[in-house]
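J.: My questions will all concern the structure given below.
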Amino acid sequence: MGVFRIMKQLIHWGPIVALSIIFFISGSTVNCVLMYWPLYTDGGIINFLIFLLWNFLTLYNYFCAVVKGPGFVPYSWRPKRKEHCKKLQYCELCESYKSPRSHHCRKCDRCVMKMDHHCPWINTCCGHFNHGNFTYFLFFAPCGCFHSLFILIPSIYKALNFTWYLHHGSRDQLVYLGIGGFLSCMFAIGLAIGVIIAVGLLFVIQLKSILKNETGIETWIIEKAEDRDRDEDEDDFIYPYHLGWRRNLAQVFTWSGKPKSDGFTWDVVEGCDQFTFTEEQLKQKALKRDRTQEYIVVEDYSGALIPLSKGCGMCCGIPCTDEPRIPVKKGDIVKVTRWKKKWLYGTKVMTDKERSSGQRRQRGWFPRRCARDYISDTSNGELDSQSQNSDKKKD
């Protein structure tokens, strides 16, 4: 069953593209290195073994990140002590409480332990158990690509510069590339440069998060907590998981390869407990519910990413996010929690028939023109004013 899950996870455009890039760059490099620096020399053997080491470490950590997975909160999980339930969030989709630092991923359809983000290249989340291997992968992949560039670029130069052989009179280091080989090497160079820039930048981002012991989601929650403290003149929020950069690194990178925490309990700073962060999340959820506005749909929307039928202006202002769109029909009620100038984000209110049939909730963006305020026309004007101020802040 585990092997089937892994194979199903790898048969996806993300892993296929990622592995294809790795093998293409490696194949082009090996073809050149065998000609440029033959294996019958000591330097050639050392060079070749170092390059193979980069590839082994890259692929090893890639597959470890895939196989280990981020760690999921078990279905129907609840804390051992009943009084702790009120300090945790409840996930209606998983029908369980969320352990501290866990978040629900709509693509994995599970609550993920210490979720950082959903990565399409491994077709799962980067979370608690695979964070270390994922970060190692982000480090070793650019290292291997740097080595490839130091082989591919001189190889192309030698293949094109025939005067090299006229002056030196030696064919020991002859690099012959046909048209196909030349194009393949040029394409491999472009891919290697792209990997160095894109993956290297992601490695820096991940390393910064680990040094602060924060995930991308937690950084966003901390910013909202700080804004709330300023607005309400409350005591400064203390992030409970920042233990100092050395201890933060030790939480993720261990000699055994297993992170320090079990995914349910965490080391926290003095003055905080296991529920300091979850209680802050509950406060933010309460504020979110307070500002929720109910809208009634007055115009159908199919859920299209680019709704051409709604006008060019609507297409120009689509939300720049991977969050889903929801199809709506006239008469539907939607609880709106976020808004932009031309789009609303909310959750559709299910009918009794939909609940009884076991239908899952639908949440996402839809065009503002398709709905109007369900409570009163006056509150709609207030919401429009709020959304304009929100858009100005985001801009």
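J.: Of all residues in the stretch 322-337, which are under 17 Å from Q293 (Cα atoms), free of Cβ contacts under 8 Å to residues at least 40 places away in the same chain and not acidic (D, E)?
T.: Listed by number, the list holds a single entry, G331.
J.: If you don't mind, another one. If R338 passes every condition in (1) modelled with pLDDT under 85; (2) in a strand (DSSP E or B); (3) among the charged types (D, E, K, R) but one, which one does it miss?
T.: For R338, the failing item is (1).
J.: What single numbered condition from (1) at pLDDT 90 or above; (2) out of contact with any helix residue (DSSP H, G or I) (no Cβ under 7 Å at 6 or more places or on another chain); (3) surrounded by 12 or more Cβ atoms within 10 Å (Cβ to Cβ) fails to hold for T29?
T.: For T29, the failing item is (2).
J.: Considering only residues that are farther than 16 Å from G364 by Cα and at pLDDT 80 or above, look in the stretch 301-322 and name the one that is nearest to the chain's Cα centre (by Cα).
T.: L308
J.: Which is among the acidic types (D, E), surrounded by fewer than 18 Cβ atoms within 10 Å (Cβ to Cβ) and closer than 22 Å to A65 by Cα, of D262, D227, D236?
T.: Answer to the selection: D262.
J.: Just give me the residues in the stretch 244-259 being surrounded by fewer than 17 Cβ atoms within 10 Å (Cβ to Cβ), at negative phi and without any contact (Cβ under 8 Å) to a residue 60 or more places away in the chain, in sequence order.
T.: Result: W245, R246, R247, L249, A250, W255, S256.
J.: List pairs: first in the stretch 23-51 and in contact (Cβ under 8 Å) with a residue 40 or more places away in the chain, second among the hydroxyl-bearing types (S, T, Y), Cβ under 6 Å, 6+ apart or cross-chain?
T.: Short answer, once both residue conditions are applied: I25/S148; S28/S184; T29/S148; C32/S155; Y36/S155.
J.: Additional query: Any idea which residue in the stretch 2-36 is farthest from the chain's Cα centre (by Cα), counting only those that are among the aromatic types (F, W, Y) and within 23 Å of A188 (Cα to Cα)?
T.: In this case the residue turns out to be Y36.
J.: Kindly evaluate T58 against the criterion of being over 30 Å from Y90 (Cα atoms) and in contact (Cβ under 8 Å) with a residue 24 or more places away in the chain.
T.: Criteria met by T58.
J.: Just wondering, is there one or more residues in the stretch 13-24 that are more than 27 Å from F253 (Cα to Cα) and part of a loop (DSSP other than H, G, I, E, B)?
T.: Scanning the stretch 13-24, I find no residue that is more than 27 Å from F253 (Cα to Cα) and part of a loop (DSSP other than H, G, I, E, B), so the answer is no.
J.: Restricting attention to the stretch 209-227, and to residues there that are under 15 Å from the mean Cα position of the chain (by Cα) and touching a residue at least 24 places away in the same chain (Cβ under 8 Å), which single residue is nearest to W245 (Cα to Cα)?
T.: I210
J.: For R230, only one of the following conditions fails: (1) at pLDDT below 95; (2) in a helix (DSSP H, G or I); (3) under 21 Å from the mean Cα position of the chain (by Cα). What is its number?
T.: (3) is the only condition that R230 fails.
J.: Residues of the stretch 106-117 being closer than 15 Å to P74 by Cβ and touching a Cys at 6+ places or on another chain (Cβ under 8 Å), which ones?
T.: Hits for the stretch 106-117 are C108, R110, C111, V112.
J.: Filter the stretch 35-79 for residues that are of a type in the set (S, T, N, Q) and not in a helix (DSSP H, G or I); which is modelled with the highest pLDDT?
T.: S76
The values are calculated or read from the model by the stated rules, or taken from the named source; none is laboratory data. Note that this is a predicted model, so its numbers are computed, not measured. In this analysis, Cβ positions are derived from the backbone assuming ideal geometry, glycine residues included, and neighbour counts consider all displayed protein chains.
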